[in-house]
Amino acid sequence: MKCTNKVLLLVSLFALASCGGDSTLETSAVSETTQGVSDSEIILGSHTDLSGPVAIWGVGSINGARMRFEEANEAGGVHGRQIKFVVEDTQYQIPRAIQAANKLINRDKVFAMVLALGTPTNNAVLTQQLKAGIPNMFPLTGARSMVEPYHDLKFAQRGIYYDEIRAGVKYFLEEMGKEKPCVIYQDTDYGQEILEGAEDQLKEMGQALVGVSAHKPTESEFTASIIRLRNAQCDVVFMGTIHRDTILILEAARKMKFDVVFVGNNAAYGQVIAEQESGSGEGYHAFVHMAKLYKEDGLSDIVKRWWDRYEARFNVEPGIPAMEGYRAADLVVTALENAGPDLDKAGFLAATEAIENYQDIFGYQIQFGPGDHKGVSESLLSVVEDGKWKTLATAITY
């Protein structure tokens, strides 16, 4: 009954979004060749979190993307067309994501969605978005649904959470000698993928989790969770968490002197975790697709110029979200350029799929191909040492 009510709520929200003249995503009549494209302009859209619990990802990624699109526009545009980037704030809420997607597709008439943030928010709109014929380009989530099942309109450029956690389980059990794996996770679509990834990898290895703890995304007290994991005698804890709950869990573990290895993924990888004044972030590991950069450690000339432009433009130093946003926008610009002046959806998708051996300015490679829109297939392992992220290993798979 609970699931039925949730479905009815989402259906109702789509219907409400159509009031006042807008059509819903389900009934949208979308041109296969012209929506969002004119002789002078290409309209791209994004629904993201600019003021909610994961705004640290939303703001940085959109800033990075805007900077790259502005560079393209200042250089004369793409084949003479200026890029217009329309961004809607969802505050990481499903109803807001549905409303935002409806507006972007039916009112703003976007050509493609770029950097849409969040697993639950993407999942809430993706079916109708694809039915409307709008490409989902490089969403800011590592959910399997962003690439599975395969769809011509879905492209990713970051690690898949399920793959990262499986790689993490294999690595820590085989390479680091851990024997009693546990999972703590948000009871969400995202957290469930972490649990499933760990369980599937352990099953393949003939083992099982010795302890599990789930919590709501809004949870702020983790004493009971730490007691449960400690009683299970875990020696490594894999985390299906994001920044806020990661920090709270690490703080609780520190206060209770629960000294085990905690391992997250790219959803919980940020300087805010590393620089906790209490030192609770020390020793925290994460499997990610990009490593945090530090200006004092030395940057290549091209990255230093990018860094300085970003600081001057947004008055803050860039982090992983800015790197990912800039790369996503650069991939879009690359595909638009390669698609030629007679831009249509089919040409854009073919040009994106033809991107191979692409290397971004940070030194990471992306590759697509027929039937393969994942972009990346390997993880690197980082750990917090002395308030900074340090790369321990690269090219890790399961």
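The values are calculated or read from the model by the stated rules, or taken from the named source; none is laboratory data. Just so you know, these numbers come straight off a predicted model, no measurement behind them. Here the Cβ is made from the backbone with ideal geometry for all residues, glycine too, and neighbour counts use every protein chain on show.
Being of a type in the set (Gly, Ala, Ser) and either closer than 17 Å to Pro217 by Cα or assigned to a helix (DSSP H, G or I) (or both) is the filter here; which residues of the range 106-127 pass it? Result: Gly118, Ala124. Scanning the range 318-327 for residues that are out of contact with any Phe, Trp or Tyr (no Cβ under 7 Å at 6 or more places or on another chain) and at pLDDT below 95 yields a count of 1. Restricting the range 134-172 to residues that are of a type in the set (Phe, Trp, Tyr) and over 14 Å from Asp200 (Cβ atoms) leaves a set whose member that is surrounded by the fewest Cβ atoms within 10 Å (Cβ to Cβ) is Tyr150. Has the range 146-155 got any residue that is free of Cβ contacts under 8 Å to residues at least 40 places away in the same chain, hydrophobic (A, V, I, L, M, F, W, C) and not in a loop (DSSP other than H, G, I, E, B)? Yes, there is a match, as at least one residue in the range 146-155 is free of Cβ contacts under 8 Å to residues at least 40 places away in the same chain, hydrophobic (A, V, I, L, M, F, W, C) and not in a loop (DSSP other than H, G, I, E, B). Would you say Gly298 is at pLDDT below 95 and buried (at least 20 other Cβ atoms within 10 Å of the Cβ)? No, not satisfied.
Among the residues of the range 169-194, those identified as touching a strand residue (DSSP E or B) at 6+ places or on another chain (Cβ under 9 Å) and closer than 21 Å to Arg244 by Cβ are Cys182, Val183, Ile184, Tyr185, Gln186, Asp187, Thr188, Tyr190, Gly191, Gln192, Glu193, Ile194. Kindly evaluate Arg166 against the criterion of being in a loop (DSSP other than H, G, I, E, B) and among the charged types (D, E, K, R). The answer is no for Arg166. Can you tell me which residue is surrounded by the fewest Cβ atoms within 10 Å (Cβ to Cβ) among those in the range 309-333 that are β-branched (Val, Ile, Thr) and more than 21 Å from Ser377 (Cα to Cα)? Among those that are β-branched (Val, Ile, Thr) and more than 21 Å from Ser377 (Cα to Cα), it is Val316. Looking only at residues in the range 337-370 that are of a type in the set (S, T, N, Q) and closer than 24 Å to Gly80 by Cα, which one is surrounded by the most Cβ atoms within 10 Å (Cβ to Cβ)? In this case the residue turns out to be Thr352. The helices (runs of 4 or more DSSP H) found entirely in the range 1-105 that carry 3 or more residues being at pLDDT 95 or above and assigned by TED's automatic domain parsing to the domain that holds Ala124 are 55-74, 94-102.
Cβ-Cβ contacts under 9 Å between residues 6 or more apart (or on different chains), taken from a first residue in the range 256-276 that is more than 21 Å from Glu317 (Cβ to Cβ) and assigned by TED's automatic domain parsing to the domain that holds Gly197 to a second residue that is surrounded by fewer than 17 Cβ atoms within 10 Å (Cβ to Cβ) and among the hydroxyl-bearing types (Ser, Thr, Tyr), are listed as Met256/Thr223.
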